[in-house]
Amino acid sequence: MLEGIDSIFVLSVTVDEIIGNTLLALICGVLVALVYRFTYKGPSYSTTFVNSLVLLAMITAIVIMVIGNNLARAFGLVGAMSIIRFRTAVKETQDIVFVFFSLAIGMAAGAGLHVVAVTGTVLIGAVFMALSKINFGAPRRKEYLLQFTMHSPNDEGDAAYLPILKQYCKQNKLINMKSTGDGEMLELSFYVSLKDPATSKELVQQLRTLEGIERVNLFFDEES
């Protein structure tokens, strides 16, 4: 029984293994942090979080080496670390993913699975970079919101804006029409999808040249 208790406090790894595993965790942690740095697109970039990813990989490697194959030691560490309380809320899902990424790499390095650690870092990092580069999962480009006012039409000939919309837009959809100025003016709102976004300024200019059309505005509608 005493021998079993004593074995809890005896590490089966050598100094060379400790140094090697920790250095590998450091290298892989730096790579993970660099991937995060170059793929992050949110508004609240944190240098502290990036540095923490590197340290987290190294600390995890140390923890895994301490645990080894000893179940009693594992339970002891869980109990000791349960007193830690993290009060900083993680704001973005991707941050949580990178925390697990760093943890997993640290576990592999600490367990001596160097090939797994290096290969996993390279492959997962490459996937992150590729997804960020091609904007995978991003919604399609939003439609534009076109608004202008015009004199109330008396006949079909007054809708002179229609040929211009057909010329510059792949599609257009009237979404709102309201009367202004004691019923003498109409305010029209369209969702439009431009054939070429570079011609947006030209579209506005062409509409402004039409008689009876005023206050032409083109917005990028983020709610569409």
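Please work out which residue is modelled with the highest pLDDT, limiting yourself to the range 44-73 and to residues that are within 18 Å of Ala104 (Cα to Cα) and loosely packed, with under 15 Cβ neighbours inside 10 Å.
Asn51
Of everything in the range 131-158 that's over 44 Å from the mean Cα position of the chain (by Cα) and surrounded by 10 or more Cβ atoms within 10 Å (Cβ to Cβ), which residue is modelled with the highest pLDDT?
Residue satisfying both the conditions and the ranking: His151.
Would you say Met107 is surrounded by 15 or more Cβ atoms within 10 Å (Cβ to Cβ), at negative phi and at pLDDT 80 or above?
Answer is yes for this residue.
Between a first residue in the range 31-43 that is modelled with pLDDT under 90 and a second residue that is open to solvent by less than 80 Å² (accessible area, probe 1.4 Å) and among the hydroxyl-bearing types (Ser, Thr, Tyr), which pairs have beta carbons less than 8 Å apart while being 6 or more apart in sequence or on different chains?
Phe38/Ser132; Thr39/Ser132; Lys41/Ser132
Residues in the range 74-91: is at least one at pLDDT below 80, hydroxyl-bearing (Ser, Thr, Tyr), under 30 Å from Thr14 (Cβ atoms) and not in a helix (DSSP H, G or I)?
Kept after step one, since they are at pLDDT below 80, are these residues of the range 74-91: 74-91.
Pick out the ones that are also hydroxyl-bearing (Ser, Thr, Tyr) and you get 82, 88.
When the remaining residues are screened for being under 30 Å from Thr14 (Cβ atoms), the result is 82.
Next, only the ones that are not in a helix (DSSP H, G or I) stay: 82.
The answer is yes, given that some residue of the range 74-91 is at pLDDT below 80, hydroxyl-bearing (Ser, Thr, Tyr), under 30 Å from Thr14 (Cβ atoms) and not in a helix (DSSP H, G or I).
Would you check if Ser179 is open to solvent by less than 50 Å² (accessible area, probe 1.4 Å) and either in contact (Cβ under 8 Å) with a residue 40 or more places away in the chain or more than 16 Å from Tyr144 (Cα to Cα) (or both)?
no
The values are calculated or read from the model by the stated rules, or taken from the named source; none is laboratory data. Quick caveat: nothing in here was measured; it's all calculated off a predicted structure. Every residue, glycine as well, gets a Cβ built from its backbone with ideal geometry; the counts of neighbours run over all protein chains shown. Please note that ligands, DNA and RNA were not included when accessible areas were found on the heavy atoms of the full protein model with its side chains. Shrake-Rupley method; radii C 1.70, N 1.55, O 1.52, S 1.80 Å.
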